[in-house]
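Undergrad: Below are the structure tokens for one structure; questions will follow.
The values are calculated or read from the model by the stated rules, or taken from the named source; none is laboratory data. Given the structure is predicted, the values throughout are model-derived calculations rather than measurements. So basically every Cβ, Gly included, is an ideal-geometry build from the backbone, and we count neighbours across all protein chains shown. Protein only, heavy atoms only, side chains kept; ligands, DNA and RNA dropped before computing areas. Shrake-Rupley method; radii C 1.70, N 1.55, O 1.52, S 1.80 Å.
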Amino acid sequence: MHSLWIAIRSLAVMAAMAAAQPTLAQVSSLPEETIAERLLAAHNVERLRLGVKPLVWSAKLAAHAKKWSQSLAVSDMMEHSAAAADGSEGENLWFGTKDDYTPEEMVGHFIDEKAMFKRGVFPKVTTTDRWEDVGHYTQLIWKDTREVGCAVTSNPRRDVLVCRYTPMGNIVGEKVYDYDAPVKKLVDAHSIPQNPQKTVMHPCVRCVSEMLAQCGASWPSSLSTNYNTGVIWRHAVDCCLPSSLRSRVCPVAA
């Protein structure tokens, strides 16, 4: 009798789980055009901060990400795809409560792993001795990765973010990025003028100047003739983001 009760209870639990699992009709993906710019910018802020070349958006990778995100939304389980397993594409995954997170906050969870990151040769790049603790972050900033495409799909309970990358990162025996390359190289590569007071300015510099003015601030006097520093460059990077992110530089101008 006891065994029969256990069997009946197990069947009831399985039935409840099956009923709770979302169906394909219950999942939906955000249109790519509404999130692509924001997800790309969220990636590139951190890459540019480190002097790593920015990524470009790949519609092909976004389509791959969308297909897998829909599968995960239906299964309601977080697991990497075959493409990630065979090394053809890098992959970052994120799950969160439905409608509670912006695209920037989703990517921000990858970036938060930098608190455990240390410079080194992969996989010895973490203070915890577990590369998995920083794997999303290292893929996001990987020096040789050039393209990214992401998708956000929702079921009744969760939002699922899948990002795909090529070439994939997290390669054993390689540095995550060039730790010795100064950020100035990237600034020079973007042809930003040495003097922010020049009449012809890079759009980012002009934007930063305008936003600082709205905040009642101005360029620091110590940087009036040479702003090729991490501080000013980070302002310029933030300035180039969509308006939804401008509060990082100037809340008044957001």
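Undergrad: Report ³J(HN,Hα) in whole Hz for each residue of region 104-118, in order, from the Karplus equation J = 6.51 cos²θ - 1.76 cosθ + 1.60 where θ = phi - 60°; Gly and Pro get x.
TA: Those phi angles translate into 5, 5, 4, 5, x, 5, 5, 5, 4, 5, 5, 4, 10, 7, 9 Hz.
Undergrad: On average, how much accessible surface per residue is there in region 16-121, in Å², for a 1.4 Å probe, leaving out ligands, DNA and RNA?
TA: Working: 5510 Å² over 106 residues.
That works out to 52 Å² for each residue.
Undergrad: Here's another thing I want to ask about it. Mind putting a number on the dipole of region 40-144 about its Cα centre? Charges go on the C-beta only, +1 for Lys and Arg and -1 for Asp and Glu, and I need it in Debye to the nearest 20. List each step's numbers first, then the result.
TA: On the way: 13 positive and 16 negative charges, 111 e Å.
With Lys and Arg at +1 and Asp and Glu at -1, about 540 debye.
Undergrad: While we're looking at this one, here's another question. Check the straight Cα-Cα distances from K124 and name the aspartates and glutamates below 19 Å, setting aside those fewer than 8 residues away within the same chain.
TA: Hits, sequence-local ones excluded: D112, E113, E132, D133, D144, E174, D178, D180.
Undergrad: Find the Rg to Rh ratio for region 107-161, where Rh is the Kirkwood radius over alpha-carbon pairs and Rg uses the same atoms.
TA: Details: Rg = 13.3 Å, Rh = 12.5 Å.
A ratio of 1.06.
Undergrad: Whenever you get a sec, line up W68, W142 from highest to lowest accessible area (probe 1.4 Å, protein heavy atoms). Let's see the in-between values first.
TA: Working: W68 60, W142 0 Å².
In descending accessible area the options line up as W68, W142.
Undergrad: Quick check: from the Cα gyration tensor, does region 70-118 come out rounded (a/c under 1.5), prolate or oblate?
TA: oblate
Undergrad: Using a 1.4 Å probe over the heavy atoms of the protein chains, calculate the carbon and sulfur portion of the accessible area of region 84-188 as a whole percent. Don't jump to the answer; show the numbers that get you there.
TA: Details: 2380 of 4670 Å².
Result for region 84-188: 51 percent of the exposed heavy-atom area is carbon or sulfur.
Undergrad: Follow-up. Protein chains only, probe 1.4 Å: how do W131, W57 rank by accessible area, largest first? Before the final figure, lay out each step's value.
TA: On the way: W131 100, W57 60 Å².
The ordering from most to least exposed comes out as W131, W57.
Undergrad: Could you give the nm distance between label points at S28 and K60, where each point is 7 Å from its Cα heading toward the beta carbon?
TA: The two pseudo-label positions are separated by 3.1 nm.
Undergrad: Say the dipole of region 76-126 comes from +1 at the beta carbon of Lys and Arg and -1 at that of Asp and Glu; which of G108, S88, P123 then lies farthest toward its positive end?
TA: Farthest towards the positive end: P123.
Undergrad: If you keep only loop residues by DSSP, which GluC sites (Glu not before Pro) in region 51-155 have at most 15 other Cβ atoms within 10 Å of their Cβ? Don't jump to the answer; show the numbers that get you there.
TA: Values: sites: E79, E89, E91, E104, E105, E113, E132, E147; in loops: E79, E89.
Hits after loop and neighbour filter: E79.
Undergrad: Quick one: which residues, 5+ away or cross-chain, put their amide H under 5 Å from the amide H of G120? H built at 1.01 Å from N.
TA: V176
Undergrad: How many angstrom lie between the Cα centre of region 67-130 and the Cα centre of region 20-63?
TA: The distance from the Cα centre of region 67-130 to that of region 20-63 comes to 12 Å.
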